[in-house]
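The values are calculated or read from the model by the stated rules, or taken from the named source; none is laboratory data. This structure is a prediction, so every number in the text was calculated from the model and none was measured. Here the Cβ positions follow ideal geometry from the backbone for every residue, glycine too, while neighbour counts run over all protein chains shown.
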Amino acid sequence: MKTAEPVNSDYTQPGVSGMVSDWGADKQAFDVPWGKLMMWIFLLSDTFIFSIFLTGYMNVRLSATEPWPPVSEIFALTVGGVHLPLLLIAIMTFILITSSGTMAMAVNYAYRGDRRRTVILMAITAVLGASFVGLQAFEWSKLIHEGVRPWGNPWGAAQFGSAFFMITGFHGLHVSAGVIYLAIIARKVKRGDYEKKGYAIVEISGLYWHFVDLVWVFIFAFFYLW
Amino acid sequence: MSDTASEQHPIGIYLKIWLLLFALSACSYMVDYFQLQGYLRWTLIIIFMLLKAGLIVAIFMHFQWERLALKYTLLLPTVAVMVLIALMLIEGDYTFATRHAFFDPG
């Protein structure tokens, strides 16, 4: 019934001996709310999906005989006459990192029982996430307009398009789903639905959101900076 | 355990981590801006990437305050991913070499 409090007082030993007793004793192995454990396991499976996408991208890029399109130039923007490479991606990165920060604070306020601040911070997180998706839509339409297709592009190796649309598309789908998820949870927090159950749900939705940010860190490094 | 731990953190820690993440992102952006190449580029990109990923997982996702049983459950399977990456690195280079050997004129 009580999910927010530590589940079992047997979880006292730290380190390796604690791990052995967690797995070995006649009790549940993980001292976390079940929803949180399931979210972690889901994120582990998602880690595999994104790893496979990025590994596939690495493989086709390594084996492409034509030159890879100049990524830094493709995502450049000219602002006030100044040409800045990768600017669009830098802005998107900044937005996503900031949204992760506001989400972490929302989790903290949720456990303190400050519902008002939790809802505000979750709303900010969702709005930042939505603006990230908006910028991504802008990026996609710009590239499609310039002639990038999953089977070819004007600058070089044809594999660029398929890798780009698949990886950023799947990530964008995760962000969009996250925005909806956060909006639903924020509304329920505002309504006071979790006053009895406890606020682990905010931490669980936060885990998902931070994971989306985490995946972007790898996409940023491997797709845009390579 | 994690619940009580997360209640005790002051908000400041998240602002500090946010600033750090921002600085690290700016650093990796600079790597591209100044067009660093070769091993220097790769070393820097991967260091900044791993630091950012580590901060997000450890602090934002509260991973460092979880119990070891959960940590190993989540970390050990990723070893399989490392093996896949290593295999596909070899495979990619091999495919590239074969394409050159068979499709290059002359």
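A few notes on this one:
- Matching option when the condition is at pLDDT 85 or above, under 30 Å from B:Tyr33 (Cα atoms) and not aliphatic (A, V, I, L, M), among A:Phe30, A:Phe50: A:Phe50
- Among (1) closer than 16 Å to A:Leu214 by Cα; (2) more than 7 Å from chain A (Cβ to nearest Cβ) - the single one B:Leu36 does not satisfy: (1)
- Residues of the range A:144-161 that are surrounded by fewer than 17 Cβ atoms within 10 Å (Cβ to Cβ), touching a residue at least 12 places away in the same chain (Cβ under 8 Å) and either closer than 19 Å to A:Phe220 by Cβ or among the aromatic types (Phe, Trp, Tyr) (or both): none at all.
- Some residue of the range A:176-188 being buried (at least 16 other Cβ atoms within 10 Å of the Cβ), in contact with a helix residue (DSSP H, G or I) (Cβ under 7 Å, 6 or more places away or on another chain), within 11 Å of chain B (Cβ to nearest Cβ) and in a helix (DSSP H, G or I): no
So that you can scan it fast, the table gives a plain yes or no per residue for (1) of a type outside the set (Ser, Thr, Tyr); (2) under 30 Å from A:Val32 (Cβ atoms); (3) within 8 Å of another protein chain (Cβ to nearest Cβ); (4) in contact with a helix residue (DSSP H, G or I) (Cβ under 9 Å, 6 or more places away or on another chain):
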position: B:Ile46; (1), (2), (3), (4): yes, no, yes, yes
position: B:Leu55; (1), (2), (3), (4): yes, yes, no, yes
position: B:Ile59; (1), (2), (3), (4): yes, yes, yes, yes
position: B:Met88; (1), (2), (3), (4): yes, no, yes, yes
position: B:Thr95; (1), (2), (3), (4): no, no, yes, yes
position: B:Phe103; (1), (2), (3), (4): yes, no, yes, no
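- Near pairs, Cβ below 9 angstrom, 6+ apart or cross-chain, from the range B:1-20 (among the polar types (S, T, N, Q)) to any residue that is modelled with pLDDT under 80: B:Ser2/A:Pro6; B:Thr4/A:Glu5; B:Thr4/A:Pro6
- Selection count, the range A:32-65, where residues are farther than 16 Å from A:Ile167 by Cβ and under 25 Å from the mean Cα position of the chain (by Cα): 14
- Taken over the range A:20-41, the residue count meeting the criterion of being in contact (Cβ under 8 Å) with a residue 60 or more places away in the chain and either in a loop (DSSP other than H, G, I, E, B) or among the hydrophobic types (A, V, I, L, M, F, W, C) (or both) is 3.
- The residues listed here are B:Met82, B:Met61; of these, the one that is closer than 29 Å to A:Ile204 by Cβ, out of contact with any Pro (no Cβ under 8 Å at 6 or more places or on another chain) and surrounded by fewer than 19 Cβ atoms within 10 Å (Cβ to Cβ) is B:Met82.
- Single residue of A:Asp46, A:Asp31 found to be acidic (Asp, Glu) and at the interface with chain B (Cβ under 10 Å from one of its Cβ atoms): A:Asp31
- Out of A:Phe211, A:Phe170, A:Phe165, A:Phe222, sole residue that is of a type outside the set (Val, Ile, Thr), surrounded by fewer than 22 Cβ atoms within 10 Å (Cβ to Cβ) and within 14 Å of chain B (Cβ to nearest Cβ): A:Phe222
- Of the residues making up the range A:69-113, those that are among the aliphatic types (A, V, I, L, M), more than 10 Å from chain B (Cβ to nearest Cβ) and assigned to a loop (DSSP other than H, G, I, E, B) number 1.
- You will find that of A:Val127, A:Val71, the residue that is closer than 30 Å to B:Glu91 by Cα and surrounded by fewer than 20 Cβ atoms within 10 Å (Cβ to Cβ) is A:Val71 and no other.
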